[in-house]
Amino acid sequence: MKPTYHYTENNLIDSEPNKFKEENLRSEEMILNIGPQHPSTHGVLRLEVISDGEVIKEVVPHIGYLHRCFEKHAENLPFNQIIPFVDRIDYLASMNNEHAYALGVEKMLGIIEQIPRRVEYIRVLVAELNRIASHFIAIGTYGMDIGAFTPFFWVMRDREHILRLLEWASGSRLLYNYIWIGGLFYDIPVGFEEQCQQYIKYLKPKLQELEDILINNKIFIERTANVGVLPLHTAINYGITGPMLRASGLRFDLRKVDAYSIYPELDFHVPIGEGKMGKLGDCWDRTWVRMQEIYQSVSIIEQCVARLTSDLKRDVTFDPQALVPKKIRPAAQDFYCRAENPKGELGFFFRTDGRNDVPVRCKVRGPSFVNLSVLPALAKGVLLADLIAIVGSLDLVMGEVDR
Amino acid sequence: MKSEELASFLQQYFQHQFEKIELMNGSCFIEVSSNNSFELLSNLKNHPQLYFDSLSCLTAIDNGAQAGSMEVIYQLYSIPFHHSLSAKVILPREHPTIDSVESIWKTANWHEREAYDMFGISFNNHPDLRRILMPADWEGFPLRKDYQTQETYRNIKVDYQQP
C-alpha cells in the first residue's frame, strides 16, 4: 500500500505547535507567524509573534527545520570523515569550522605543537578570507532586509573573488574539506599569494565605498541606531559571543583571549562597539563591528601573505599531508575546544574512549544557536519593522542553529 | 587561574560539595551529585574569586543501557579571570531528572531544551521545556544509544536505507 499524506491544518499544529494559545490572548493581541519561508528570516526560521497592533509583546523562535543530525552522524564516523559534515554546520564559513575542528582533534592527539608553521599560516589565511566572505553576507543581506538593495550586489561581487580563490585552493566553492587533521588537503596553488595581494589591493577602496553607501548612510542609521539594544550583562548571561558581544562593549575575541594557532604572532586589534550613532549595543553597532572586523581580517591576510612569501616560502620538500595521522585515535578523555568563528564562539565537545577512532560524543556549540536565543528578550516591546532589523543584525545561519 | 590552581582552590573551599576532581588534558573536571548541582553551580557563579559568569556549553551524554547512566556536562568559563571548568553530573538512565540552571544563566534555557529533546532528560523548574529541534510529536530521543527510529512519521518512511 502506498503511504499517503493528508494535508490538514491539525497535522501542522501537531508537529510544531504554537507556544501561545489564541484563547489566552488579550482582546487586542494576535498571533502572527513569520516564516519558515520568509526572505528576512535568513533561512528556515519561524517566528511566532504575539503582537498588539504593531507592537510586539512576545517572540517565540521555532527552529529545527534544517536539522541534519550532525551529532548522530558524528557518532558513527571516524574523525577525519566528520570534516565534510563540519563544513555544513555553518556553510558560509566552512574554513573557520574546519580550523576549529582540526584544532580540537589535534589538541586531543597532542600533535598541535608539531604542525608546520607554513600549514598554520595557510590555515589562518584561508580562514580569514572566509571570515570576510561571511561578514560580507551578513552586512549585505542585512542591508537588503531593511531596504538597501545595491550593497547586496556589491558584496556578492566582491565575495565571488574570495570564493574563486578558495575554489582554486580546495576545489569547491563553499564546502571545502581543505583543512585536515594534522595538515592540509593540498598546498596552496602557485600564484595564490600574488592573487591574494591583488585582491586585497582591489578590495580596500571597495570597503570604503561599502562603508559610505551602507554603514554611514542616513537611512540605514535611522533604521538601526537605538534599535535592539543589547546591554552587556544580558549578553553575557545569554552566552552571546562574537561580534554581537563585542558590539555590546566587551573586548573579547577568542583569537586574542585563547591565543590559539598563530594569532599571537599577528598584529591586529579587536574592534568593539562604541555607541557612535545611538546606544551601545544597538543594531548599528553590530553591523559596524563586523565592518571593522573586515578591515582587521584584511590586515591579517596581508601579514600571512607576507610571511608565506618570505621566510615560509613554498619549497619542493614541503608536504602538507606529512603529519596527517593514518589512524586518528585520541586517548580516552573529555575535551572541549573552542575557536572564534565569524558568528562567535564555535565549540566542540568530544568524548573519546581510546579504543576506537570514532568519537563517543561530538557536540557542537553553535554560536548562531546561542545568539538566536536572546531574540525573545531583545524583541520585547519593539515595532514589527524593528523585529526584522533585529533578526538581521544577529547574523543567523540556520545551518548552524539547527545543525 | 590555571587549571592546577583552580583545582586546589576548589578543593580548599568547595570540597564537601563535589565528589571527584581531576585534571585531563589541561582542563579541570569536577563530578557533582545531582542533589546539590544547582547549589554548587550557583556558588561557582557568585564566588568573587571564581565568578564563572558564562556557561559556554551544556550537553548530555548517554552511556548506554549497560552502564545505565547518563551525564550532563556544563562548560563554565569566567570572562574576567579567564579560567574554565567542566562540571559533570551523573544521572540514572531511568527517568533522568536534574535541576535547571536557567535561573543562573539564561543561555541554559535552549541548551537544556536541546538536552531534553535529544536525551529525554527532564529539567526541574525549567520555564519552557519543549522539544526544540525535533517535531513536537516525534517519538523517542534520538541521541540515546539504543534509539530506534520510528518506522513512519506522518505516513512518510523514516528509514531511508530501505527503498
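Panel order for A:Cys337, A:Cys69, by other beta carbons found within 10 Å of each beta carbon, from fewest to most: A:Cys69, A:Cys337. Could you tell me the calculated FRET efficiency between B:Lys20 and A:Ala259, based on Cβ-Cβ distance and R0 = 22 angstrom, to the nearest 0.05? Efficiency, from the Cβ-Cβ distance: 0.15. Here the residues A:Met244, B:Met24, ranked from fewest to most Cβ neighbours within 10 Å of their Cβ, fall in the order B:Met24, A:Met244. Given +1 at the Cβ of Lys and Arg, -1 at the Cβ of Asp and Glu and no other charges, the dipole of segment A:234-342 around its Cα centre is 280 debye to the nearest 20.
Amide hydrogen proximity for A:His38: with H placed 1.01 Å from N in the peptide plane, the residues at 5 or more positions away or on another chain lying under 5 Å are A:Gly43, A:Leu45. Based on the reciprocal of the average 1/r between different C-alpha atoms, the Kirkwood radius for segment A:70-402 equals 20.3 Å. Charge dipole (Cα centre; +1 on Lys/Arg Cβ, -1 on Asp/Glu Cβ; no other charges) of chain B amounts to roughly 200 debye. Arranged from fewest to most other beta-carbon atoms within 10 Å of their beta carbon, A:Thr309, A:Thr317 become A:Thr317, A:Thr309.
Residues whose amide H comes within less than 5 Å of that of A:Glu345, counting only those at least five positions distant or on another chain, are A:Thr241, A:Gly242 (H built at 1.01 Å from N in the peptide plane). Kirkwood hydrodynamic radius of segment A:70-144 from all distinct Cα pairs, in Å? Answer for segment A:70-144: a Kirkwood hydrodynamic radius of 13.7 Å.
Taking a sphere under 11 Å around the Cβ of B:Val89 and counting the other residues whose Cβ falls inside, with K and R at +1 and D and E at -1, yields a net charge of -3. A simple rule links phi to the HN-Hα coupling: the Karplus curve 6.51 cos²θ - 1.76 cosθ + 1.60 with θ = phi - 60°, which for segment B:18-32 gives 10, 9, 8, 9, 8, 10, 9, 6, x, 10, 9, 10, 10, 10, 10 Hz, with x for Gly and Pro. For the residues of B:50-63, the average number of beta carbons from a partner chain within 10 Å of their own beta carbon is 5.
Between helix B:3-13 and chain B there is an angle of about 80 degrees, using the helix long axis and the longest principal axis of the Cα atoms.
Computed on segment A:263-403, the Cα convex hull volume stands at 170 Å³ per residue.
Listed by number, the DSSP H helices of chain A that run 20 Å or longer by alpha-carbon position along their axis and have mean Kyte hydropathy of at least -0.5 are A:94-109, A:117-145, A:150-170, A:283-309. Note that segment B:12-163 shows a convex hull volume over its alpha carbon atoms of 139 Å³ per residue. Only helical runs count toward this figure. For the protein assembly as shown, summing -39,500 (n - 2.57) over DSSP H runs of n ≥ 4 and dividing by all residues gives -11500 deg cm²/dmol at 222 nm. Over all other residues within a Cβ to Cβ distance under 12 Å of B:Ile104, the charged ones net out to -3, with Lys and Arg as +1 and Asp and Glu as -1. Phi angles across segment B:91-101 convert, under the Karplus curve 6.51 cos²θ - 1.76 cosθ + 1.60 with θ = phi - 60°, into 3J(HN,Hα) values of 10, x, 6, 7, 6, x, 9, 8, 6, 6, 9 Hz, Gly and Pro given as x.
Within 10 Å, at most 12 other Cβ atoms, and a DSSP state outside H, G, I, E, B define an exposed site. Report the longest part of chain A free of exposed chymotrypsin sites (Phe, Trp or Tyr not before Pro). The reported range is A:150-403.
For the pair A:Lys276 and B:Asn124, a Förster radius of 41 Å applied to the C-beta separation gives a FRET efficiency near 0.35, rounded to the nearest 0.05. Its Cα gyration tensor gives the protein assembly as shown an equivalent ellipsoid. The semi-axes, each the square root of 5 times an eigenvalue, are 34, 32, 25 Å from largest down. Spin-label model, A:Arg355 to A:Ala306: label points 7 Å out along the Cα-to-beta-carbon direction sit 5.3 nm apart.
The distance linking segment B:115-161 with segment A:242-299 is 38 Å (Cα centroid to Cα centroid, whole angstrom).
Summing charges over all other residues whose Cβ lies under 13 Å from the Cβ of A:Asn237, with Lys and Arg as +1 and Asp and Glu as -1, gives 0. Only Lys, Arg, Asp and Glu carry charge here, each on its Cβ (+1 for the first two, -1 for the last two); on that basis the protein assembly as shown has a dipole of about 780 debye about its Cα centre.
A short reminder: the numbers here are calculations on the coordinates, not readings from a lab. In this text the structure is predicted, and so the values were computed from the model without any measurement. Glycine also receives a Cβ, built like all others from the backbone with ideal geometry; neighbour counts cover every protein chain displayed.
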